[in-house]
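Visitor: Can you keep this structure in mind? I'll have questions shortly.
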Amino acid sequence: MRIARDLDSLRREAAALRAAAGGGALALVPTMGALHAGHLALVAAARRAAPVVAVSIFVNPLQFGPHEDLATYPRDEEGDLAKLRGAGCDLVWLPSVEAMYPPGSVTVVEVAGPPAEGFEGAHRPGHFRGVATVCAKLFLQTGAEVALFGEKDWQQLQVVRRMVRDLDLPVRIEPVPTVREADGLALSSRNRFLTAEERARAPLLAASLREAAAALAAGGPAAPVLAEATAALAAAGFAVDYFALVEAESLRPIEALGDRPARLVAAARLGRVRLLDNIGVPPPEGR
Ligand code: AMP
């Protein structure tokens, strides 16, 4: 497994690996490190998608707000590299902040409408500008033909897809289903900050999404279903940022299931940890 820490060596190593693979395609898995089984599912999907697999590890300051957890975001370079070696990764891109954003960098990429509006876009102003900017750079730096993104961050996946379409970037975005603990909690690098007592309550978010999806499948308006889920979470000590039914691609809120694919998206804080989850909602029964 090769490791690149500056752009010249990244391009050199990527070219060498592609040549060794007979001119094959490169699949990229962008991450912020502190890797878990969810990230490794993306790496496994990348292995199936292309002969050369690259993983980037970069805690992107541009996507953190001034009062967010950039300074305390978990970092474990040694552990991450060991996991990536075991997962069959060929190339790790580990840029410093200066390598990613050399002094004088001022150019950003902004998805200036849906799906970046609302939800994470509203709760974390500037977040998707940071995500879009770093992803555009990562695609151009690696020349990836394919990039893998987790459905865990549903809105991010739609924002990246929109950007790729709008900018005609020559990369295919492949989604990977959310990897969960046995009790339903979606894996996340931030879960390690849950106390034992919070960890025991945390699966309620996923359970509420599953229950709401089942209730919506019967047809009828979403509002009472969403209100009940929000109230149940609040009663269990969650501070709910949102629990909403949206059009899957645009993230526009909808009042009931229709013919288009829909998604339930939720974010709630439990102690110091902000949990994010979502679930697909099939069309109403009988349609
Ligand atoms: P992060 O390191 O949190 O920025 O995540 C990097 C990538 O891994 C993103 O595409 C995430 O959506 C994806 N990811 C994070 N957690 C999970 C999970 N539990 N299941 C599947 N993908 C995930």
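Visitor: Of Pro102, Pro125, which residue is away from the ligand (no atom under 16 Å from the Cβ), surrounded by fewer than 19 Cβ atoms within 10 Å (Cβ to Cβ) and free of Cβ contacts under 8 Å to residues at least 12 places away in the same chain?
Guide: Answer to the check: Pro102.
Visitor: While we're here: Somewhere in segment 152-175, is a residue in contact (Cβ under 8 Å) with a residue 40 or more places away in the chain, among the β-branched types (Val, Ile, Thr) and in contact with a Gly (Cβ under 7 Å, 6 or more places away or on another chain)?
Guide: no
Visitor: Moving on. In the set Leu204, Leu194, which member is surrounded by fewer than 20 Cβ atoms within 10 Å (Cβ to Cβ), closer than 14 Å to Val273 by Cβ and either in the same structural domain as Met32 (by TED's automatic domain parsing) or modelled with pLDDT of 95 or more (or both)?
Guide: Checking each option against the conditions leaves just Leu194.
Residue by residue, here is whether (1) under 23 Å from the mean Cα position of the chain (by Cα); (2) among the small types (Gly, Ala, Ser); (3) away from the ligand (no atom under 14 Å from the Cβ) holds:
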| site | (1), (2), (3) |
| --- | --- |
| Arg2 | no, no, yes |
| Val29 | yes, no, no |
| His67 | yes, no, yes |
| Leu70 | yes, no, no |
| Arg85 | yes, no, yes |
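Visitor: Report every pair of residues separated by at least 6 positions or lying on different chains whose Cβ atoms are under 6 Å apart, first residue within segment 31-50 and under 15 Å from Glu181 (Cβ atoms) and among the small types (Gly, Ala, Ser), second part of a loop (DSSP other than H, G, I, E, B) and within 7 Å of the ligand (Cβ to nearest atom).
Guide: Ala37/Val179; Ala37/Leu187; Gly38/Val179; Gly38/Leu187; Ala41/Val179
Visitor: What is the one condition in (1) outside the structural domain of Glu110 (by TED's automatic domain parsing); (2) away from the ligand (no atom under 13 Å from the Cβ); (3) in contact (Cβ under 8 Å) with a residue 24 or more places away in the chain; (4) in a helix (DSSP H, G or I) that Thr230 does not satisfy?
Guide: (3)
Visitor: Name the residues in segment 144-164 that are within 22 Å of Arg48 (Cβ to Cβ), part of a helix (DSSP H, G or I) and more than 10 Å from the ligand (Cβ to nearest atom), would you?
Guide: Arg161, Val164 - these are the residues of segment 144-164 that are within 22 Å of Arg48 (Cβ to Cβ), part of a helix (DSSP H, G or I) and more than 10 Å from the ligand (Cβ to nearest atom).
Visitor: Sticking with this one: Only residues that are charged (D, E, K, R) and away from the ligand (no atom under 16 Å from the Cβ): list them for segment 165-216, please.
Guide: Arg165, Asp166, Asp168, Glu197, Glu198, Arg201, Glu211, listed by residue number.
Visitor: Moving to a separate point now. Given the criteria outside the structural domain of Val159 (by TED's automatic domain parsing), in contact with a Pro (Cβ under 9 Å, 6 or more places away or on another chain), crowded, with 21+ Cβ neighbours inside 10 Å and at pLDDT 95 or above, does Val246 qualify?
Guide: Spelling it out, Val246 is indeed outside the structural domain of Val159 (by TED's automatic domain parsing), in contact with a Pro (Cβ under 9 Å, 6 or more places away or on another chain), crowded, with 21+ Cβ neighbours inside 10 Å and at pLDDT 95 or above.
The values are calculated or read from the model by the stated rules, or taken from the named source; none is laboratory data. Bear in mind that the values here come from a model prediction, so they are computed numbers and not experimental data. Methodologically, a virtual Cβ is constructed for each residue, glycine included, from the backbone with ideal geometry; neighbour enumeration extends over all protein chains shown.
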